[in-house]
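Scroll down for the structure; my scribbles are underneath it.
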Amino acid sequence: MKKKFEKFLWQLYAWVYDTVLLRLLPYRELQELVGGGLSPEADWRILDAGCGTGNMLVHVVCLRPGVEAVGIDFSVAMLRRARAKIKGDQGVIFQEVDLNHSLPFAGGEFDGVVCVNVLYAVDDPAFLLQEICRVLKKDGRLLVVTPSVQPKMSPIFKEHVRRLRGKAPFLWPIMLVGQAVWTAPLLLVFLMINLFIQRQQSFHFLQGEELCLLVNNCGFTVNSMKKVYGEQCWFLVGEKPGQGASMCS
Ligand SMILES: C[S@@+](CC[C@H](N)C(=O)[O-])C[C@H]1O[C@@H](n2cnc3c(N)ncnc32)[C@H](O)[C@@H]1O
């Protein structure tokens, strides 16, 4: 029952997700950071685990045309929106996959994997990271973004206003009111879903050291970690060690 409700919630989230987030400057910046952090070569095959409406993957593919990309998510509504963003010849596919089960890929299939704001929501983050480690090539790159403990939306909105002021020093109040009025009903739904997410006891919001240890224990080396997205999320770049050093096969 709880699982069914959770899944329903992600379907509902899909309805409001892009309308709110794609207007939010810190989310736009997160797309840039993910693209820069992964920085794939043109011949890479990459995976977005929990791709949602495809924003991260589409951004990466636009930055580096030629990469082959696979986005997976269990929400049909999210995937429908993701597919609508892709033109036929872009080398991107989206698949319905539940990240609580083994990933439907062979070992070492990918050069890079991104997992943005998803790890907290799966049943067992260690299981997902081990699966990601399995499907990554040796020396493959891992990029994880995940909320820190007690994440809040208000610092993200404050960051949005700060950036908007920088972009449009005179017009920002008008732009802000316009955005708020335009998105009001969907913004309300968005905020309610976020409140639910923040209070969900079964979700995994991690301290920095916990995340670092978890990623290490699942077979990766951690190259860098910092706070992003209004300081509400960890941004971790790691890799699967080469030459037999990795703990996973
Ligand atoms: C906050 S959204 C993030 C989407 C995207 N990564 C982004 O950054 O825009 C979380 C996504 O995780 C997906 N998700 C949650 N649990 C999942 C699971 N067990 N299997 C597959 N996808 C899952 C949801 O459907 C949703 O699309």
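Readers should treat all values here as calculations from the given coordinates under stated rules, not as data from a laboratory. Because the structure is a prediction, the values reported are computed rather than measured. Methodologically, a virtual Cβ is constructed for each residue, glycine included, from the backbone with ideal geometry; neighbour enumeration extends over all protein chains shown.
Largest first and in whole Å, give the semi-axes of the chain's equivalent ellipsoid, each being the square root of 5 times a Cα gyration tensor eigenvalue.
The three semi-axes for the chain are 29, 20, 19 Å.
Mind checking the full-extension length gain between Asn194 and Lys87? Use 0.36 nm per residue of separation minus the Cα-Cα distance, one decimal, nm.
35.4 nm
Rounded to whole Å, give me the distance from the Cα center of segment 1-75 to that of segment 158-222.
Distance between centres, Cα-based: 14 Å.
Mean separation of Cα pairs under 8 Å and 6+ residues apart, divided by the residue count of the chain: what relative contact order is that in percent?
Once normalised by length, the contact order is 21 percent.
Starting from the Kirkwood Rh over alpha-carbon pairs, what translational D in µm² s⁻¹ does segment 126-177 have by Stokes-Einstein at 20 °C and 1.002 mPa s?
147
In terms of Cα to Cα distance under 24 Å, which lysines are near enough to Lys137, apart from those fewer than 8 places away along the same chain?
Lys240
Sort Phe110, Phe127 so that the residue with the fewest other Cβ atoms within 10 Å of its own Cβ comes first and the one with the most comes last.
Phe127, Phe110
So, counting K/R as plus one and D/E as minus one, what does the shell of residues with Cβ under 14 Å around Gly108 add up to?
So the surrounding residues net to +1.
What FRET efficiency comes out for the pair Lys226/Ser202, r = Cβ-Cβ distance, R0 = 30 Å, nearest 0.05?
My answer for the efficiency is 0.65.
If r is the Cβ-Cβ distance from Gln95 to Lys138 and R0 is 22 Å, what FRET efficiency results, to the nearest 0.05?
0.35
Under a Cβ-Cβ cut-off of 12 Å, what is the net charge of the residues other than Ser39 that fall near it, where Lys and Arg count +1 and Asp and Glu count -1?
-1
At q = 0.28 Å⁻¹, what is the base-10 log of I(q)/I(0) for segment 180-249 according to the Debye formula with one equal point scatterer per Cα and no solvent? Please give it to two decimals.
-1.19
Note the full-extension length gain between Ala180 and Gln150 as 0.36 nm times their separation in residues minus their Cα-Cα distance, in nm to one decimal.
Value of the extension gain: 8.3 nm.
Arranged by the count of other C-beta atoms within 10 angstrom, fewest first, what order do Ser102, Ser154, Ser75 take?
Ser154, Ser102, Ser75
In what sequence do Val60, Val222, Val67 fall when counting other Cβ within 10 Å, fewest first?
Result, fewest neighbours first: Val222, Val67, Val60.
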